[in-house]
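> Have a look at the structure that comes next, please.
The values are calculated or read from the model by the stated rules, or taken from the named source; none is laboratory data. Everything numeric in this text was worked out from a predicted model, so none of it was measured. So basically every Cβ, Gly included, is an ideal-geometry build from the backbone, and we count neighbours across all protein chains shown. Just so you know, the surface numbers come from the protein's heavy atoms only, side chains and all, with ligands and any DNA or RNA stripped out. Shrake-Rupley method; radii C 1.70, N 1.55, O 1.52, S 1.80 Å.
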Amino acid sequence: QNTDRLNYAVQNTVDSLTQISSSQMAAPSDKVLTEWSIQETMQYLRGSIGDANRNKTKLFQAIQYLASKLNDNNNISEIVQTGGIDLVFDLIGDTLQMDNVNLQKGLCTHLIVVCSNPASKQHPAQKNGFSHISRQIAKYLQDKDFCIYACNAVCNVCHDNPVHRNFAIASDIVDAIVSAMDAHRGKAEGDKVHQTACMALRNIGYSTEGQAAVGAKGLKAITDGVDYYFETPNMIKSSMAVMCNLCVLPENGKAFIESDCLKLWTRIYDASQPGSPVRGGVSTMIHNLASKQLAAIPLATNDDGLHLIIGKLLRESPHDSALFANTLKGLAALMYTLPPNKQLKITCMNKMIEQGVLDVFNRTLADSKNPALEELVATVTVSIVQTSIPLGQKVADGETPKYLVGCLNNPSPQTLHCC
């Protein structure tokens, strides 16, 4: 299957380049091109960069010939070991003034294929070429196919490659990708631009620095796309992972909440099936937001967020499910991530009680024989009681202590301490 995808990508390169006018494809006058070695081809291409008098026809032929060698792993290894990634970056930059989008698609496909090979991780580029891709995206912004090629190239170049990822972070490629997403949203095959862009942003955002580089602007482009293409198959799945990852960074999590995206997250939950991975992704996002103080503060008083956590995830999930346990851990994390601001905690806990958290706790304690769940419920409950006397009275009125007593038959040390 991998071989089929590789051959398909190589054929895409050849097809893109052969769309150049046949009148330009005269045979070289010196050595027959098909007799050139890989190194001779690369040497020629390097020598053509910056040469105002170069033979454009021969340049196109040489790029096409090198593309034909990409169906062999040994050839790819030789290309990347001798600076092939830098060469392609340089060619993308050097051909900016040429009005030939098919040539650029072909060069992007070079990057897609060679950076799918493990050798590209061992022999990364030595200089940052992402700005060249950015400028080509700006030039061909309205060409959806080129935007897809370019995003796929960025995705593969950055995949599991910290050197390339750092180059991307230091460039303007995120802005270019966001521009492509915004430009094609609502247009023909704009969903494909969105999906490939999400993959590129996911790989750029693999590290903390990358999450910051993608930032609120990238997060907004993703959520805008999910909202627009909500009914498109696989759209949510392809976007969720990158959103969850980006919101590990507190600044992104805060921006996510303050841009009212928890309504979208609730919509995603409602549209999914019980037990589906999508609901697990919703819970993961909540845990990411609750675990960092900068995001936890706005989450603590957000009615949509608390309704999603308590009224949806906890109330509608079986208490013995992983989804319930993970969400309850997220709620506990929220309690202990909040700063020592009594009024904030009082507001948050009153909202939690209004959403029915005590009913959820009572049901859990009545039905579950899981000591770990009992411990979590007891820990969150004592946190509420210790915050203020009125909150303690609400817990008593809600009869949660009656259910906690039942845990004392064989309590864990933490449960015993809380009770």
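> Between the range 210-237 and the range 341-365, what's the alpha-carbon centroid distance in Å?
31
> Name the shape class, rounded, prolate or oblate, that the alpha-carbon gyration tensor gives for the range 339-383, where a ≥ b ≥ c are the square roots of its eigenvalues, rounded holds for a/c under 1.5, and otherwise prolate holds if a/b is larger than b/c and oblate otherwise.
Numbers: a/c = 4.68, a/b = 1.79, b/c = 2.61.
Cα axes put the range 339-383 in the oblate bin.
> Given a cut-off of 24 Å, name the pairs among Lys254/Lys342; Lys31/Lys105; Lys105/Lys187 whose C-alpha atoms lie farther apart than that in the structure shown. List each step's numbers first, then the result.
Values: Lys254/Lys342 21 Å; Lys31/Lys105 27 Å; Lys105/Lys187 20 Å.
The answer is Lys31/Lys105.
> Something else now. With all protein chains present, how much of the accessible area of the chain (probe radius 1.4 Å) comes from carbon and sulfur, to the nearest whole percent?
Details: 9200 of 18290 Å².
The nonpolar share, carbon plus sulfur, comes to 50 percent.
> Now for a different question. If we sort 93-99, 47-53, 104-110 on the protection proxy, mean other Cβ atoms within 10 Å, highest first, what's the order? Can you show the working numbers first?
Numbers: 93-99: 13.3, 47-53: 10.3, 104-110: 26.6.
The peptides rank, most packed first, as 104-110, 93-99, 47-53.
> How large is the accessible surface per residue of the range 174-225, computed with a 1.4 Å probe and reported in Å² as a whole number? Could the numbers behind the result be given before it?
Working: 1810 Å² over 52 residues.
About 35 Å² of surface per residue is accessible.
> Tally Lys and Arg at +1 and Asp and Glu at -1 over the other residues with C-beta under 13 Å from the C-beta of Asp172: what net charge comes out? Write out the running numbers ahead of the final one.
Working: positive: Arg135, Lys217; negative: Asp175.
Combined, the nearby Lys, Arg, Asp and Glu give +1.
> Further question: Please work out whether the range 301-419 counts as rounded, prolate or oblate from its C-alpha gyration tensor, where a ≥ b ≥ c are the square roots of the eigenvalues and a/c under 1.5 means rounded, while otherwise a/b larger than b/c means prolate and anything else oblate? Spell out each step's value before the answer.
Working: a/c = 1.58, a/b = 1.18, b/c = 1.34.
The shape class here is oblate.
> Related question: Take the cross-link list Lys121/Lys312; Lys237/Lys292; Lys217/Lys312 and give me the ones stretching past 32 Å between alpha-carbons. Before the final figure, lay out the partial values.
Working: Lys121/Lys312 43 Å; Lys237/Lys292 24 Å; Lys217/Lys312 29 Å.
From Lys121/Lys312; Lys237/Lys292; Lys217/Lys312, over 32 Å: Lys121/Lys312.
> Would you mind working out the accessible area per residue for the range 260-413, using a 1.4 Å probe, and quoting it in Å²?
That works out to 44 Å² per residue.
> From the square roots a ≥ b ≥ c of the eigenvalues of the alpha-carbon gyration tensor of the range 250-307, which class results: rounded (a/c under 1.5), prolate (a/b over b/c), or oblate?
Prolate shape, in that a/c is at least 1.5 and a/b is the bigger ratio.
> Enter the Cα centre distance for the pair the range 266-304 and the range 164-181, rounded to the nearest angstrom.
Their Cα centres are 27 Å away from one another.
> I'm spelling it out carefully: the read-out is Cα Rg over 2.2 N^0.38 Å, the candidates are (1) 1.17; (2) 1.10; (3) 1.26, and one was derived from this structure. Which label?
Matching entry in (1) 1.17; (2) 1.10; (3) 1.26: (3).
> Taking only DSSP H segments of four or more residues, each worth -39500 (n - 2.57), what value at 222 nm results for the chain once the sum is divided by all its residues, to the nearest 500 deg cm²/dmol?
Numbers: 26 runs with 294 residues, N = 419.
Result for the chain: -21500 deg cm²/dmol, rounded to the nearest 500.
> Something else: With a cut-off of 8 Å between alpha carbons and a minimum separation of six or more residues, what is the relative contact order of the chain in percent? Intermediate values should be presented prior to the final figure.
Working: 544 pairs, mean separation 36.9, N = 419.
Relative contact order here is 9 percent.
> Which number comes out as Rg/Rh for the range 191-316 once both Rg and the Kirkwood Rh are worked out on C-alpha atoms?
Working: Rg = 13.4 Å, Rh = 14.3 Å.
That ratio equals 0.94.
> Just order 381-391, 196-206 by mean Cβ neighbour count inside 10 Å, highest at the front, would you? Intermediate values should be presented prior to the final figure.
Details: 381-391: 16.7, 196-206: 25.5.
Most protected by this proxy first, the peptides run 196-206, 381-391.
> In a Debye calculation with equal point scatterers on the alpha-carbon sites of the range 73-172 and no solvent, what is log10 I(q)/I(0) at q = 0.14, 0.16, 0.20, 0.23 Å⁻¹?
-0.45, -0.60, -0.94, -1.22
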